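Comments concern the structure below.
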Amino acid sequence: MSDHLHVIESAGSYALGPWHVRRVGYGAMQLAGDNVFGPPRDRDEALRVLRAAVDSGVNHIDTAQYYGPSVVNELIREALRPYPADLAIVSKVAARRDAAGAVLPFDEPHQLRQGIEENLTTLGISHLAAVNLRMMDQSTPGKRFDSQLAALIQAREEGLVDGIGLSNISKRHLLRALEQTEVACVQNLFNLADQSSLDVLQECTNRGIAFVPFCPLGWPQGVQNHILTSPALAALGNRLQATPAQIALAWLLDLAPNILLIPGTRTRAHLAENLDAAGVQLDEASKAELARHFPATR
Ligand SMILES: NC(=O)c1ccc[n+]([C@@H]2O[C@H](COP(=O)([O-])OP(=O)(O)OC[C@H]3O[C@@H](n4cnc5c(N)ncnc54)[C@H](OP(=O)(O)O)[C@@H]3O)[C@@H](O)[C@H]2O)c1
C-alpha cells in the first residue's frame with residue numbers, strides 16, 4: 001500500500017483550518033454495518049482498510065459518532081491508536097440514531113457539545129481536527145443557527161476542536177457563519193451527477209476554505225447511481241485506462257484546488273483503486289465529454 005504514497009502526494013495538499021492535509025483522504029462511514037448501522041460485515045477487513053489508508057499516506061479521515069453509532073469511531077480507535085501526529089480526524093455533530101436505526105436530529109446547542117464529547121471519548125483523542133455542524137434541514141439560517149455555531153465556537157475556544165466545519169449547507173449559511181467565525185471546511189453532497197452545491201464550492205474556493213464533497217461516487221449504489229454505471233464513464237475509462245470511480249474522483253481533484261476527497265469503502269481493493277485516482281490525468285477532451293454527459297445544475 002505504501003506504493004500509493006507518491007501517487008496521492010502528486011495530488012497535493014490543502015489547508016483544513018490550522019491543519020494541512022493531503023487532498024486524497026478517506027471517509028469511514030461505510031465501515032459500519034448496512035445502512036451505516038450496527039457492526040461491520042467483516043470486522044477484520046474494516047480494521048485493515050483503516051490501517052492501509054494511513055500506511056498509504058492518507059492523513060485526513062472523516063467520521064461521525066452516529067455512524068454505527070459509535071461503531072466507526074471505535075474501529076478507528078482500535079486500528080490506528082496511537083494516532084500518527086499528522087492524522088486529521090474530522091467528525092460531525094447534530095444527529096443521533098435511535099435503537100431502530102432512524103437518524104434523528106441532535107442539534108440543540110447542548111446536544112452539539114455532547115456530540116463533540118462523545119466523539120472524543122469513542123475516538124480516544126483530546127481534540128478533533130475539525131467538527132462539522134451537519135444541518136438536518138434546509139431552513140433559512142437565523143438565530144437558531146447562530147446559537148448552534150456559538151456552541152462550536154465555545155468548544156474550539158476550550159481546545160476540543162481545532163476547526164469548525166459546516167455540512168449540508170446553503171451559501172447563505174456559509175456567509176452568515178463567516179460573519180461570526182472562521183470556517184475550516186464545508187462538507188456538502190457533490191459529485192458528477194449532482195453539482196447543485198456548485199455555488200457553495202465556488203464561494204469556498206474564492207475564500208480558501210476546504211470543500212469536502214460527500215458521496216463523491218454517488219452513494220447509494222444501484223440503478224439510481226448515475227456515476228458508477230454510466231456508459232460514458234466506462235467508455236472514457238477504456239480510453240484513459242481508468243475505472244469509472246477513478247474518473248469521478250479525478251474530475252473532482254481537477255475541478256478546484258480546495259477540494260479534499262473522502263471516498264468511502266469497506267474493502268482494501270476499492271481503497272487502492274480510489275487512491276490511485278490521483279494518478280489519472282483528464283485531458284481537455286475528456287473534461288469536455290464529462291461536461292456534456294454531466295452538466296452542472298444550479
Ligand atoms: N456530511 C454528511 O452528511 C455525509 C453524508 C454521507 C457521507 N459522508 C461522508 O462522506 C464519505 C464518502 O461518502 P459515501 O461513503 O457515503 O459515498 P461514496 O464515497 O460516494 O460511495 C461509497 C460507495 O461506493 C462504493 N465504492 C467505493 N469505491 C468504489 C470503487 N472504486 N468502485 C466501485 N464502488 C466503489 C462503496 O462500496 P464498497 O464498500 O463495496 O467499496 C460504497 O458503497 C462517507 O464515508 C462519510 O465519511 C458525509
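The values are calculated or read from the model by the stated rules, or taken from the named source; none is laboratory data. All of these numbers come straight from a predicted model, not from anything done at the bench. Heads up, the Cβs are rebuilt from the backbone with ideal geometry, glycines too, and the neighbour counts pull from every protein chain shown.
Just a few scattered comments:
- Contacts under 7 angstrom Cβ, first residue in region 269-285 being over 13 Å from Asp3 (Cα atoms), partner charged (D, E, K, R), 6 or more apart: Leu282/Asp254
- Checking Thr205 against (1) within 15 Å of the ligand (Cβ to nearest atom); (2) surrounded by fewer than 23 Cβ atoms within 10 Å (Cβ to Cβ); (3) β-branched (Val, Ile, Thr), the condition it does not meet: (1)
- If you go through region 108-121 and keep only what is touching a helix residue (DSSP H, G or I) at 6+ places or on another chain (Cβ under 8 Å) and crowded, with 21+ Cβ neighbours inside 10 Å, you end up with Leu112, Ile116, Asn119.
- Sole exception among (1) surrounded by 21 or more Cβ atoms within 10 Å (Cβ to Cβ); (2) in a helix (DSSP H, G or I) for Gln187, by number: (2)
- Of all residues assigned to region 50-69, at least one qualifies as being among the small types (Gly, Ala, Ser) and within 30 Å of Ala100 (Cα to Cα).
- Residues being modelled with pLDDT of 95 or more and within 16 Å of the ligand (Cβ to nearest atom) - total across region 280-298: 1
- Count - residues of region 164-194 that are within 15 Å of the ligand (Cβ to nearest atom), of a type in the set (S, T, N, Q) and farther than 13 Å from Leu133 by Cα: 1
- Comparison of Leu253, Leu178 shows that the only residue that is within 26 Å of Gly165 (Cβ to Cβ), surrounded by fewer than 17 Cβ atoms within 10 Å (Cβ to Cβ) and modelled with pLDDT of 95 or more is Leu178.
- Residue that is in a helix (DSSP H, G or I), at pLDDT below 95 and either over 30 Å from Ala129 (Cα atoms) or within 15 Å of the ligand (Cβ to nearest atom) (or both), where the choices are Ala277, Ala232: Ala232
- Residues in region 235-250 that are of a type in the set (S, T, N, Q) and either assigned to a loop (DSSP other than H, G, I, E, B) or surrounded by 19 or more Cβ atoms within 10 Å (Cβ to Cβ) (or both): Gln241, Thr243, Gln246.
- Region 256-274: number of residues that are near the ligand (Cβ under 8 Å from one of its atoms) and surrounded by 20 or more Cβ atoms within 10 Å (Cβ to Cβ): 6
- Set side by side, the residues Val212, Val200 differ, and just one is within 11 Å of the ligand (Cβ to nearest atom) and outside any loop (DSSP other than H, G, I, E, B), which is Val212.
Every residue, every condition in (1) buried (at least 17 other Cβ atoms within 10 Å of the Cβ); (2) among the aliphatic types (A, V, I, L, M), yes or no:
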{"position": "Ile8", "(1), (2)": "yes, yes"}
{"position": "Gly27", "(1), (2)": "yes, no"}
{"position": "Leu31", "(1), (2)": "yes, yes"}
{"position": "Pro40", "(1), (2)": "yes, no"}
{"position": "Arg43", "(1), (2)": "no, no"}
{"position": "Asp55", "(1), (2)": "no, no"}
{"position": "Val58", "(1), (2)": "yes, yes"}
{"position": "Tyr66", "(1), (2)": "yes, no"}
{"position": "Arg77", "(1), (2)": "yes, no"}
